[in-house]
Structures are given as structure tokens and as C-alpha cells.
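Trainee: Sending over a structure as C-alpha cells; questions will come in a sec.
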Amino acid sequence: YCPYENIKKMEYPSMFLRASFNDARVNYWETAKYTAKMRELKQGESINILKTAMVGGHLGSGDWHENRAEEYAFALKILGIDE
């Protein structure tokens, strides 16, 4: 199973993707490649945002509140509640 290999031309939902520079399980460039290919092949008006943390590992940077706030802000933007 490789998510990168399964991307094809079609409509996808908006995505907020996270990567971590020090992740030993999923290298940061894998998420970057996935995001680039998704942006190239997706159709429609969906938004793909990639955030790469320079600290932390597979479980993130540890700043739980900041991460949730970013995810909620993204969800509100997608729902059109961004004022």
C-alpha cells in the first residue's frame, strides 16, 4: 500500500497534511512528494496545505493546542466560516 502510487486525476477533498523533519517512520519528503502530486492531479477547487514541523517526530512536535487550533482553523475555512 502506497498512497503516493494511488493518486489519480479526480476530485479530492481539501486536506491539511502534516510532516515532521525528524520523523523516523515517514520521511518529510514523502509527504512533500504526496502533496505535490496531489496538487498536480487533483481536479476541482479543493485546498491542500502541507505543514512541516522542524522539531518533533512521528507523533508531532508536542504542541497539541497549537496543532488542534490550526486544524480547526482549516476546517472552518473549508466550511466557509473564516471571518
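Where a number appears in this text, it was derived from the coordinates with a stated rule and is not lab data. Source: prediction; values computed, not measured. Counting neighbours? That spans all protein chains shown, and the Cβs are built from the backbone with ideal geometry, glycine included.
Trainee: Would you grab the residues whose amide H sits under 5 Å from the one on Thr52? Only those 5+ places off in sequence or on another chain, please, with H modelled 1.01 Å from N.
Mentor: Ala19
Trainee: Using each residue's phi in region 71-77, evaluate 6.51 cos²θ - 1.76 cosθ + 1.60 at θ = phi - 60° and report the 3J(HN,Hα) Karplus result to the nearest Hz, with x for Gly and Pro.
Mentor: 5, 5, 4, 5, 4, 5, 4
Trainee: Of the listed peptides 12-24, 45-57, what is their order by residue-averaged count of other C-beta atoms within 10 Å, with the highest listed first?
Mentor: 12-24, 45-57
Trainee: Out of residues 5 or more away from Asp23 or on other chains, whose amide H comes under 5 Å of its own, with H placed 1.01 Å from N in the peptide plane?
Mentor: Tyr28
Trainee: Now a separate question. So what are the ³J(HN,Hα) numbers for region 15-32, from phi and the Karplus equation (6.51, -1.76, 1.60; θ = phi - 60°), rounded to whole Hz, Gly and Pro as x?
Mentor: Values per residue, Gly and Pro as x: 9, 10, 9, 10, 9, 10, 4, 9, 6, 7, 9, 10, 5, 4, 6, 5, 5, 5 Hz.
Trainee: Which far-off residues, 5 or more places away or on another chain, put their amide H under 5 Å from the one on Ser14, with H placed in the peptide plane?
Mentor: Ile47
Trainee: Using a cut-off of 15 Å between beta-carbons, work out the net charge of the residues near Ala32 (Lys and Arg +1, Asp and Glu -1, Ala32 not included).
Mentor: Net charge around Ala32: +2.
Trainee: Could you please tell me the mean projected area of the C-alpha convex hull for the chain, averaged over all directions and given in square nanometres to one decimal?
Mentor: 6.1
Trainee: While we're looking at this one, here's another question. Considering only the other residues whose Cβ falls under 12 Å of the Cβ of Ala53, what net charge follows from Lys and Arg at +1 and Asp and Glu at -1?
Mentor: Counting the neighbours of Ala53, the net charge comes to -2.
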